[in-house]
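The values are calculated or read from the model by the stated rules, or taken from the named source; none is laboratory data. In this text, all values refer to a predicted model and were calculated from it rather than measured experimentally. Quick reminder, even Gly has a Cβ in these numbers, built from the backbone with ideal geometry, and neighbours come from all protein chains shown. The protein model used for the area step is the full one, side chains on, heavy atoms only, and it has no ligands, DNA or RNA in it. Shrake-Rupley method; radii C 1.70, N 1.55, O 1.52, S 1.80 Å.
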Amino acid sequence: MKKISVLGSTGSIGTQTLEVVRNNGDIQVTALAAGRNIALLEKQIREFHPRVACVWDEEKGKELRLKVADLPVKVYSGMEGLIEAATEPEAEIVVTAVVGMIGIRPTIAAMEAGKDIALANKETLVTAGHIITKLAKEKGVKLLPVDSEHSAIFQCLNGEREHGCSISKILLTASGGPFRGWNREQLKSVTVEDALKHPNWSMGHKITIDSSTMVNKGLEVMEAKWLFGVEMDQIQVVVQPQSIVHSMVEFEDGAVMAQLGTPDMKLPIQYALYYPRRRFLPGERLDFWKLGDIRFEKPDMETFRGLKLAYEAGREGGTMPVVFNAANELAVKKFLNREISYLTIEEMIEASMEAHQSIPDPTVEQILQAERETDELIESRW
């Protein structure tokens with residue numbers, strides 16, 4: 001039995017991870033962690049029988065303890081609980097599917113405990129990539145990407161680097177989101193409902209908004225830099241509206257390898273859990289006769305300035321990606337709460353970056369301090 005812990009079990013990636021568990025009879029869930037959705041978490045606990053459960057909200061944690069008092073599960077809350085779930089002794093792989101920078105500490109704790117990481121929390125590498133990648137080498141643990149694009153790159157590279165092949169360029173694909181082809185004037189009137197209508201993928205609210213602004217693609221560029229040991233300018237974003245080509249790698253001889261498939265997150269999740277083996281996955285298959293053609297476009301970084309700012313933050317390094325990410329997290333929250341307009345999201349990011357003096361090679365404390373300072377700046381101005 002393969003034993004896993006799932007952080008963020010009630011979210012989009014977490015629930016799809018548990019679908020993969022249901023479809024296979026040889027995975028045991030030893031720990032589950034969620035934010036506030038205790039109704040769903042209770043159902044998951046009763047179905048998968050973990051030894052440990054965590055609810056981020058302390059009051060909700062008290063409620064859950066009463067609801068599952070008939071079961072042999074230890075219920076924790078807060079950061080202590082996340083770390084308990086991440087370091088559950090029997091777990092071999094920790095699926096980090098929490099949203100935001102709260103994923104940093106439990107990811108580090110899991111790696112220090114010798115766990116492999118199935119990484120769906122991109123903020124961890126964006127803000128602390130220099131710490132995470134070094135720790136992975138020291139502890140001999142695997143970083144297994146769960147994002148569809150990074151999984152695609154990982155699959156394209158499988159075996160190539162062992163034979164000494166050098167990467168010339170990573171071609172990171174993007175759907176372009178619901179506003180592909182729009183101009184700045186059109187974006188001024190975007191509503192929350194508009195931004196939540198992604199054309200291809202079913203995701204949580206935060207990542208769906210990030211995809212619409214292309215900030216998500218910027219975060220993925222920074223994540224790819226650390227995952228695959230390349231420079232920012234070796235990563236080229238390519239818009240692929242059908243979300244069929246999930247990403248590509250160009251090697252030094254000019255050969256380009258791509259990973260294709262239907263837009264289904266269960267494929268990269270299952271690949272990470274069973275790496276290096278592949279397993280049957282039920283679902284739709286690509287029909288190239290029906291598909292007909294695959295289109296590629298250049299991203300419009302003047303209209304979608306979040307992507308441009310991400311490249312600037314990634315090139316600067318240090319704590320600048322922290323500020324980019326923290327400003328975006330708070331801005332998206334405010335947009336979803338209808339406190340700001342759509343284009344104000346990137347205005348907040350840019351203003352926060354301009355006000356920040358980057359610290360090179362930051363510690364975890366300096367990373368979290370940069371996040372706090374960014375939050376304070378935004379709250380004082382908006």
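Key figures for this structure:
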| quantity | calculated |
| --- | --- |
| Residue among Ile102, Ile108, Ile132 that alone is more than 22 Å from Lys2 (Cβ to Cβ) and either open to solvent by 30 Å² or more (accessible area, probe 1.4 Å) or at pLDDT below 95 (or both) | Ile102 |
| So Glu92, is it under 19 Å from the mean Cα position of the chain (by Cα), within 25 Å of Tyr275 (Cα to Cα) and open to solvent by 30 Å² or more (accessible area, probe 1.4 Å) | no |
| Pairs, first open to solvent by 80 Å² or more (accessible area, probe 1.4 Å) in the stretch 58-76, second basic (Lys, Arg) and not in a helix (DSSP H, G or I), C-beta under 9 Å, six or more apart | Pro72/Arg51; Lys74/Arg51 |
| Residue within the stretch 159-170 that is closer than 19 Å to Val364 by Cβ and either part of a strand (DSSP E or B) or within 23 Å of the chain's Cα centre (by Cα) (or both) present | no |
| Residue within the stretch 342-361 that is of a type outside the set (Asp, Glu), in contact (Cβ under 8 Å) with a residue 12 or more places away in the chain, open to solvent by 40 Å² or more (accessible area, probe 1.4 Å) and assigned to a loop (DSSP other than H, G, I, E, B) present | yes |
| Residue, farthest from the chain's Cα centre (by Cα), within the stretch 223-254, restricted to residues that are of a type in the set (Phe, Trp, Tyr) and part of a helix (DSSP H, G or I) | Phe228 |
| Residue that is surrounded by the most Cβ atoms within 10 Å (Cβ to Cβ) [pool: residues in the stretch 135-158 that are out of contact with any strand residue (DSSP E or B) (no Cβ under 7 Å at 6 or more places or on another chain) and part of a loop (DSSP other than H, G, I, E, B)] | Asp147 |
| Residue ID - surrounded by the fewest Cβ atoms within 10 Å (Cβ to Cβ), chosen from residues in the stretch 192-222 that are in contact (Cβ under 8 Å) with a residue 24 or more places away in the chain and in a loop (DSSP other than H, G, I, E, B) | Ser202 |
| Every pair of residues 6+ apart whose Cβ atoms lie under 6 Å, when the first sits in the stretch 134-152 and is among the β-branched types (Val, Ile, Thr) while the second is surrounded by fewer than 24 Cβ atoms within 10 Å (Cβ to Cβ) | Val141/Asp116 |
| Matching residues, the stretch 47-65, being touching an Asp or Glu at 6+ places or on another chain (Cβ under 7 Å) and in a helix (DSSP H, G or I) | Leu64 |
| Enumeration of residues in the stretch 362-382 that are surrounded by 15 or more Cβ atoms within 10 Å (Cβ to Cβ) and not in a helix (DSSP H, G or I) | Pro362 |
| Residues (open to solvent by 50 Å² or more (accessible area, probe 1.4 Å), assigned to a helix (DSSP H, G or I) and in contact (Cβ under 8 Å) with a residue 12 or more places away in the chain) located in the stretch 7-46 | Glu19, Asn23, Leu40, Arg46 |
| Hey, Ile83 closer than 22 Å to Gly314 by Cβ and out of contact with any Gly (no Cβ under 9 Å at 6 or more places or on another chain) or not | no |
| Residue ID - farthest from Gly25 (Cα to Cα), chosen from residues in the stretch 50-85 that are of a type outside the set (Lys, Arg) and touching a Pro at 6+ places or on another chain (Cβ under 8 Å) | Met79 |
| Helices (runs of 4 or more DSSP H) completely within the stretch 255-333 that count 2 or more residues being more than 30 Å from Ile131 (Cβ to Cβ) and open to solvent by 60 Å² or more (accessible area, probe 1.4 Å) | 288-291 |
